[in-house]
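The values are calculated or read from the model by the stated rules, or taken from the named source; none is laboratory data. Computed from a predicted model, the values in this text were never measured in an experiment. Cβ: placed from backbone, ideal geometry, glycine included. Neighbour counts: every protein chain shown. Note: areas computed on protein heavy atoms with side chains; ligands, DNA, RNA excluded. Shrake-Rupley method; radii C 1.70, N 1.55, O 1.52, S 1.80 Å.
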Amino acid sequence: MKTKNLVLMALLVGVGAALYMVVPGFIGGMKPDFMLTMMFIGILLFPYAKETFLLSLATGVLSGLFTTFPGGLLPNIIDKAITGFVFLGAVTVLAKVVQRTFVQLALIVAGTIVSGAIFLGTALFVFQANVPVGFAALFVGVVLPATVFNAIAFAVIYPIITNLVKRSSFKTAATHA
């Protein structure tokens, strides 16, 4: 990994952390995870296993530390690790068409839904999180709205980032396409 790429990934994680911290929690303390959006952008820019591992670990730990969901640290780490590599697999399989905006948005939507389901399943069933509402209410009340927020955030942020990357000396998979 090059230092320039690490810096860009760190900036993405930092922006995600700042957005994550200012958004209030919804049902059961859960909130839209903009760090997830930044992780997805990082994986689209650097679709490699090492980078995905690093982004997944960093976003999982930071999301877990900042979460308002009871007992959310470990579920966040588990969720980001699994979701990151599932997303990388989808990007790899769809490599020929992944530069199309519609495909990217579809991946973000699917990735957010997968992430939310993994997080909720891990928190509620494995770690027995003490939350007054169930999986279905949290999924409909938080994960589905978070999917919309993440898709909008991606649609706004990704073109800005790719434009900046094209004007800089960063070498990403997006600039090689």
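Please name all residue pairs, on different chains or six or more residues apart, with Cβ atoms under 6 Å, provided the first residue is in the stretch 31-45 and is open to solvent by 10 Å² or more (accessible area, probe 1.4 Å) and the second residue is hydrophobic (A, V, I, L, M, F, W, C) and in a helix (DSSP H, G or I). What qualifies is Phe34/Leu19; Phe34/Ala153. Just one of Gly16, Gly71 is touching a residue at least 40 places away in the same chain (Cβ under 8 Å), in a loop (DSSP other than H, G, I, E, B) and open to solvent by less than 70 Å² (accessible area, probe 1.4 Å); which is it? Step by step, each of Gly16, Gly71 is checked, and only Gly71 is touching a residue at least 40 places away in the same chain (Cβ under 8 Å), in a loop (DSSP other than H, G, I, E, B) and open to solvent by less than 70 Å² (accessible area, probe 1.4 Å). Of all residues assigned to the stretch 158-173, at least one qualifies as being surrounded by 15 or more Cβ atoms within 10 Å (Cβ to Cβ) and either outside any helix (DSSP H, G or I) or among the acidic types (Asp, Glu) (or both).
Scoring Thr83 on the criteria (1) under 14 Å from Ile41 (Cα atoms); (2) open to solvent by 60 Å² or more (accessible area, probe 1.4 Å) leaves a single failure, condition (2).
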